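Report on the following structure.
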Amino acid sequence: MSDIETNGEKNSDVEIHRDKPVKKLVRIKRNGQGSAPAPGNTMPQQGGQQGYVPQHEAPQSEGAQQYPQGYAQHQNYVPQHEALSNPDEYVPQYEAQVPQFAVEGAGKKFHWKDALIKFIAIAASLFIIGALILNLPIINDKKNNRNVSIITFIKNWQPLAYKEGELEKTDKDYNVDTNIVHSDFTDGLDLPQKVEGQYTVLFLGFDEENLNSDVMWVCEFDIAAAKLNILQIPRDCCLPDYTSSLTGKFNSIYSQGAPDKTPIQRVVAAVEENFGIPVDCYITTGCGDIVSMVDLVGGIPMELDNEIVYEAGKVIPAGDIVLSGEQAEWFVRYRHAWLEGDIGRMQNQRRFMAAAMQKLLNIVKDEGKLKLYSYVKEVYDNEYIYTDLSLENISMLADFCSTLSMDSVYVTMVPGEEAKYNGYDVFSVHKQATLDILNEYFRPYQNEITSDQSSLIEYVTDYKHTVYDDTGDDLEDLLNSGEPKRG
C-alpha cells in the first residue's frame, strides 16, 4: 500500500480503496445446469432455485434467456411459444411463483350492467321461444277439424259447457239482410256469430229443482249499433208443440222437450223457430248462484215502495236498501202479492235488471274495468253459471256492456194475454204484435219475419185486451219505476 502525501507529509495510515471488478455471470444452460461459480463468488438464491439471474439485469452471455420482470427463474423454465425438446420435462410457466390472485383473474371488476344485459338477453330469448311454441298449431281441434295453437285453444276453451253441452252447428238460413251485412261489414268484435253485427245470448234461471225455468230472457247484443235488446218470455207462454207437459208452458220445454235434443238445445230450437232470433250461446244459473253473485259484488242498491214478505221470516224492508244475495233471490222470484201474478213478477225482474246494470256501470266508474273482469273471472271459476261462452268471450261482452248507457238497453215482453189450454192457465201470444216487436228490435241485420215463417200459435184470436202488446222500456225509465200493482 503506497503512502499519500498530505500537506507535504506522507501518511501511511490511510488505506486506499479501489472498486472491485464486476464478477462475470455464469451462463445458465437450457437444462437448468450451469458452470460452478468462481471460488469466492456466491450468488444469491431465490425460492431455493439454482441459477438466479438478478432482477432487471440482462444475461451477459450469448443464448441466455430474459425472464419476465418480477418473477424468479424456474430451474426447468421453458420460454413461451418455444417447442419442447423433451415433453416429459415440461413445467407449467411460472407455476411455482404466480400469486393466487393472478390465477383467479384479479383486477377484473364486476359490472352489474353487464349482468343485467345478459339476464335481459336470456329472458327475451326464452320469451320469444315460448311465444313461438304457444302460437304453433299443435293441438287438434276436433270440433272444427283443424289444428290450432295453444293460445287459440285456450281462447276458445269452454270449461263450463260440460253440463249443458254445446249448441248444434247448423247451416240454417237466417235470412240476413245483405244490403246491410255485405262482404266488408264488421261490428268490430271477434265473436262466433250466426249473424254479423249481433250476438244473442239465451239466459235461463231455474227453480230449486233445476227443472223448470222461471226466468227466460233473450239478450241480443246489437254490437254494431252499441245497444242491448232484451226479450222476456213469460214462463206460461203456450208452446205445446215443444213440450210433452200437459200444460204446454214454455218453462217445461227444458225438462220435457224433444227427447232427441239436449235440454238446452230444446229451448234454443223453440226460440229460433217461433221468434226468429238466432241464438249464439246460452247462460244458465240457479237460485243459489244468484245469491252468490249478488254477494260477490257487494249487493244491489234499490228503492222499494213497500216491504216484500216472501214468506214467513223472509222480509225485504221498504225504502232505500242494498239487497243482499238472499234478498235478491226473494225479490226476483216473488209474485204472490202482484195483481198480475207472473207478469207482475216479470215487471219486478226488470227493475232488478236496471239496478244490476247500474251497479255494473258504477263498478267500472269507481273501481275500473279490471275490477269488473275480476268479478267475471270469479263467477266463471266458481261455476256460478253454466255456459258455452269462453272466458274471453264473456269478458268481451262484459266490456261491451260497460260502454252502454242506461237508455241504450231496451227491455220488452212477448205480447199476449191470458188463456186456457187443457184446463191450465197459460199465456197466449198475440202473433202480429209479437212479429212487429221482433222486426223492430231483434232482427236489425235480418229481413223482416212474416207470419208463415214463425211457428207461433194463437190460442185466443178474439182479444180481450192488448195491455201487454207494448210493454217496452229502457233501463233509465225502469230504474225510477215503481212496483207492480198489488192484488
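Relative protection proxy for 415-421, 179-185, from highest mean packing down: 415-421, 179-185 (other beta-carbon atoms within 10 angstrom). Treating r as the C-beta distance of Glu208 and Thr178 and R0 as 41 Å, the FRET efficiency rounds to 0.30. Taking other Cβ atoms within 10 Å as a rough exposure proxy, Val322, Val364, Val195 sort from fewest to most as Val322, Val364, Val195.
One Cα centroid belongs to the stretch 278-331, the other to the stretch 334-398; the line between them spans 11 Å. For the stretch 177-479, the Cα gyration tensor yields ellipsoid semi-axes of 28, 26, 19 Å (square root of five times each eigenvalue, largest first, whole Å).
Applying a DSSP loop filter and a limit of 16 other Cβ atoms within 10 Å to the GluC sites (Glu not before Pro) in the stretch 359-392 leaves Glu383. Once backbone amide H atoms are built at 1.01 Å from N, Met413 has Gln232, Thr471, Gly472 as its partners under 5 Å, excluding neighbours fewer than 5 places away on the same chain.
Among Ser395, Ser244, the ranking by other beta carbons within 10 Å of each residue's beta carbon, starting with the fewest, stands as Ser244, Ser395.
For each of Asp236, Asp171, count neighbouring Cβ atoms within 10 Å of the residue's Cβ, then give the residues from fewest to most.
Result, fewest neighbours first: Asp171, Asp236.
How big is the Kirkwood radius of the stretch 342-487, worked out from every pair of different alpha carbons and given in Å to one decimal? Hydrodynamic radius (Kirkwood, Cα pairs) of the stretch 342-487 is 18.1 Å. The length gained on full extension between Phe185 and Lys163, counted as 0.36 nm times the residue separation minus their Cα-Cα distance, comes to 4.4 nm. FRET efficiency for the Leu126 to Leu296 pair, using the beta carbon distance and R₀ = 41 Å, is estimated at 0.65. A simple spin-label model places pseudo-atoms 7 Å from Cα toward Cβ; at Ala225 and Asn480 they are separated by 2.4 nm.
I'd like to compare 349-356, 332-339: which one has the highest average count of other Cβ atoms within 10 Å, and what's the full order after that?
349-356, 332-339
If R0 equals 51 Å, the separation of the Cβ atoms of Val315 and Ile117 corresponds to a calculated FRET efficiency of about 0.15.
Read-outs: derived from the displayed coordinates by stated rules, not from any lab. All figures in this text were calculated on a predicted structure; none of them were measured in a lab. When we count neighbours, we look across all protein chains shown, and the Cβ atoms used for this are built from the backbone with ideal geometry, even at glycine.
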